[in-house]
Amino acid sequence: MFAPYACGSGIPEIKTILSGFIIRGYLGKWTFLIKSVSIMLAVAAGLCLGKEGPMVHMACCTGNILAYLVINGIVGLKVYCTLTVFLF
């Protein structure tokens, strides 16, 4: 299984991460990819589901991925961040 953390809305886990607990891989690229594709397919199929929770989870994944790229210099910037909550 590529992204076991892609199930559910993600809001309780995001609150847990914001309180300081580290969940490895929860905000990774595979979770973002699987969750975004599955939300698109579910909405296209006409399923009745709440999209707000998964969108918050995907936004946090996007922020984590961008922060990882900036900190590791792939974007070209050397920025040292004191927030280590969203690092891989």
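The values are calculated or read from the model by the stated rules, or taken from the named source; none is laboratory data. These figures come from a predicted structure and were not determined experimentally. Note that each Cβ is placed from the backbone with ideal geometry, even for glycine, and that neighbours are counted across all protein chains shown.
Miscellaneous remarks
- Considering the range 41-52, and only residues there that are of a type in the set (Gly, Ala, Ser), free of Cβ contacts under 8 Å to residues at least 40 places away in the same chain and not in a helix (DSSP H, G or I), the residue that is surrounded by the fewest Cβ atoms within 10 Å (Cβ to Cβ) turns out to be GLY46.
- Looking across the range 53-63, just one residue is of a type outside the set (A, V, I, L, M, F, W, C), under 16 Å from ILE34 (Cα atoms) and either touching a strand residue (DSSP E or B) at 6+ places or on another chain (Cβ under 9 Å) or surrounded by fewer than 15 Cβ atoms within 10 Å (Cβ to Cβ) (or both), and that is THR62.
- Set side by side, the residues SER38, SER9 differ, and just one is in a helix (DSSP H, G or I), of a type in the set (S, T, N, Q) and touching a helix residue (DSSP H, G or I) at 6+ places or on another chain (Cβ under 8 Å), which is SER38.
- Look at the range 14-29: where a residue is in a helix (DSSP H, G or I) and a partner is of a type in the set (A, V, I, L, M), sitting 6+ places away or on another chain with Cβ atoms under 8 Å, you get ILE14/VAL56; THR16/ILE23; ILE17/ILE23; ILE17/LEU27; ILE17/VAL85; LEU18/VAL85; LYS29/ILE65.
- Filter pass, SER19 being loosely packed, with under 11 Cβ neighbours inside 10 Å, at pLDDT 85 or above and hydroxyl-bearing (Ser, Thr, Tyr): yes
To keep it simple, each residue is scored yes or no on (1) modelled with pLDDT of 90 or more; (2) closer than 18 Å to PRO12 by Cβ.
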| residue | (1), (2) |
| --- | --- |
| SER36 | yes, no |
| VAL43 | no, no |
| LEU47 | no, no |
| VAL79 | no, no |
| VAL85 | no, yes |
| PHE88 | no, no |
